[in-house]
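The structure appears below as structure tokens.
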């Protein structure tokens, strides 16, 4: 399976997965135009659409795609996604014949209450829950929900490729450095990202193993994050540490 990030809108990635026989899946198509262009240039046939949550920058291109491609759409159980779809939730399996692919559906509330992720074929399609060196804002869920969601994703195999939906990596790395300034893995990741972005290359996908070494939101139990939390007057449990990280990231201007 080939995994291709398609830049869209301001900073989104639509994920294109395809096999060597020209069969393709797209994930969170907020805009149909880059999808149609990629299908045409690569000689691919669209066979399925996967959606992680209801925000317009993730579903805005679906209707236009369905006007030209009669394909199944898989989406969370959320009435705000007002289109015909196969509704899936935690523990369900999405089985696609062409390209041959199998994804486990994981409920990951936090960014929204009905957000889901798809894990399979060596990739994690996580929408706006997990970002490289960061995580999504809590628009609807609670810190406890988001932390539990990130814990579930972090438990996947380390060689899983994280395919998140925005190019936020450089900014996330700058915040992560304020939390763990002595993290050598983080410094190396930031340097690599800076090089990629300087050459207008995507910073994604990235292995989950790298994220576990560099992402403070996956490291709430690390000595460095505990020390950072105490420095900021946080004496509570890991949920309190996570909430403090997210609150500080929300106002970070670096």
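What follows is calculated from the coordinates using simple rules that are stated; it is not laboratory data. Keep in mind the model is a prediction, meaning the values are calculated, not measured. In this analysis, Cβ positions are derived from the backbone assuming ideal geometry, glycine residues included, and neighbour counts consider all displayed protein chains.
When the chain is treated as a Gaussian network with alpha carbon springs shorter than 10 Å, the biggest mean-square fluctuation among 173, 134, 236 belongs to 236. By DSSP, the beta bridges lying fully in segment 101-249 are antiparallel in about 75 percent of cases. Averaging the sequence gap over all C-alpha pairs within less than 8 Å and six or more residues apart, then dividing by the number of residues, gives segment 54-120 a relative contact order of 22 percent. Across segment 139-254, the volume of the C-alpha convex hull divided among the residues equals 111 Å³ per residue.
Working from Cα pairs under 8 Å separated by at least six residues, relative contact order for segment 100-160 is 34 percent.
Rounded to the nearest 500, the helix-only mean residue ellipticity at 222 nm of the chain stands at -10000 deg cm²/dmol, with each DSSP H run of n ≥ 4 adding -39,500 (n - 2.57). In the chain, the longest principal axis of the Cα atoms and the axis of helix 184-198 are about 40 degrees apart.
Normalising the average separation of contacting C-alpha pairs (under 8 angstrom, six or more residues apart) by the number of residues puts the relative contact order of the chain at 13 percent. Projected label points at residue 152 and residue 77, each 7 Å from Cα along the beta carbon direction, are separated by 1.3 nanometres.
If you model segment 42-86 as an ellipsoid using its alpha carbon gyration tensor, with each semi-axis the square root of five times an eigenvalue, the axes come out at 19, 11, 9 Å, biggest first. Spin-label model, residue 2 to residue 137: label points 7 Å out along the Cα-to-beta-carbon direction sit 3.6 nm apart.
I need the Debye-formula profile for segment 192-254: one equal scatterer per C-alpha, no solvent, reported as log10 I(q)/I(0) at q = 0.27 1/Å, two decimals. So the normalised log intensities are -1.09.
Within the chain, antiparallel bridges make up roughly 65 percent of the DSSP beta bridges whose residues both belong there. For the pair segment 196-229 and segment 101-166, the centres of their Cα atoms are 14 angstrom apart.
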